[in-house]
Amino acid sequence: MYSIIVVPPPTTEDEGKGTGTQYRLAPGERLVFGRSVPGGGLRIGHDGVSRRAGEIAAHGTFWTLSNLSAHQTYVVENPEGAGEHIKVAPGRLDAPVPFEFSRIVLPAAGDLLPVEVWAPRHDYLRGEDGADGEPTAPAFSVDRTKRYFAVLAALCEPRLRGAPHAPLPTMDQVVERLRPAWPAASRTSVQWNIDYLAVKLRLKPGPETAEPGPRLNGKKESLVSLALRFDLVREDDLVVLAAPSGQVRR
């Protein structure tokens, strides 16, 4: 059973034919890629790519990347991760890649060649048989039916829509975005919910324990960064922004 799918950079031959060649690797299998590789490898016909540029190895639910080039650093991007990426230095062997959907970016004489790698296999723990005692408290407790969650979703939306470095919406833009589900939304009510989120997600202490001092800078940026890093808001959560009035409330 394969666990890793590798999609080579598109070529002129692929135009008009839909998806090109795919390489499917079972756990334990390896795929060498480069300008000149043995039969069965992934050949990338570009003069800027090393003859043996790298190697992908399948390990069940994840994969590793070896950078066999002498001078080029490779970047592995997470297209769904709001700018998440890792760098694999020249000569690094078997660097583990944690992303389900990945894009290896190969610098090649002024071009950036993408090699996509998919890791669709998921393994999960089947319950907690024999566990005793109280259940573990969640790290972040959010209620997706509340208005504060709709505010958080509106803040995260630009970066969830595929623009990882998009500027955050202004207060007026958040208010306008919330109007379909929350007609009475205002700058004051949105700011109240942002302040509440900062306390709820422990970005700052509550008013009864807060020490005097300057206002927390970058509150919206901190909230969005935390929410996206720990998947508190996902793209499918954005439906709360279009829900009929009355479904999302504080």
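Points worth noting:
- The requirement of being under 30 Å from ARG234 (Cβ atoms), under 26 Å from the mean Cα position of the chain (by Cα) and at pLDDT below 95 is not satisfied by TYR74.
- Test: residue in segment 140-158 that is polar (S, T, N, Q) and either in contact with a Gly (Cβ under 8 Å, 6 or more places away or on another chain) or at pLDDT 85 or above (or both): yes
- Restricting segment 27-70 to residues that are open to solvent by 70 Å² or more (accessible area, probe 1.4 Å) and of a type in the set (Asp, Glu), the residue that is modelled with the lowest pLDDT is ASP47.
- Subset of segment 19-71 (residues that are among the β-branched types (Val, Ile, Thr) and within 25 Å of the chain's Cα centre (by Cα)): THR19, ILE56, THR61, THR64
- Matching residues in segment 44-93 - criterion: being part of a strand (DSSP E or B) and either more than 23 Å from ASP111 (Cβ to Cβ) or among the hydroxyl-bearing types (Ser, Thr, Tyr) (or both): ALA57, ALA58, HIS59, PHE62, TRP63, THR64, SER66, TYR74
- Selected residue (criterion: modelled with the lowest pLDDT) from residues of segment 1-26 that are part of a loop (DSSP other than H, G, I, E, B) and crowded, with 16+ Cβ neighbours inside 10 Å: SER3
- Test result for ASP111, modelled with pLDDT of 95 or more and either open to solvent by 50 Å² or more (accessible area, probe 1.4 Å) or in contact with a helix residue (DSSP H, G or I) (Cβ under 9 Å, 6 or more places away or on another chain) (or both): no
- Every residue from segment 158-202 that is outside any helix (DSSP H, G or I), of a type outside the set (Gly, Ala, Ser) and within 18 Å of ASP143 (Cβ to Cβ): TRP182, LEU201, ARG202
- From the list ALA109, ALA139, ALA153, ALA119, the one residue that fits, being in contact (Cβ under 8 Å) with a residue 24 or more places away in the chain, among the small types (Gly, Ala, Ser) and touching a Leu at 6+ places or on another chain (Cβ under 6 Å), is ALA153.
The values are calculated or read from the model by the stated rules, or taken from the named source; none is laboratory data. What you see is a predicted model, and the numbers here were worked out from it, not measured in a lab. As a convention, Cβ positions derive from the backbone with ideal geometry for all residues, glycine included, and neighbour counts pool all protein chains shown. In case anyone asks, the SASA skips ligands and DNA or RNA and just uses the protein heavy atoms, side chains included. Shrake-Rupley method; radii C 1.70, N 1.55, O 1.52, S 1.80 Å.
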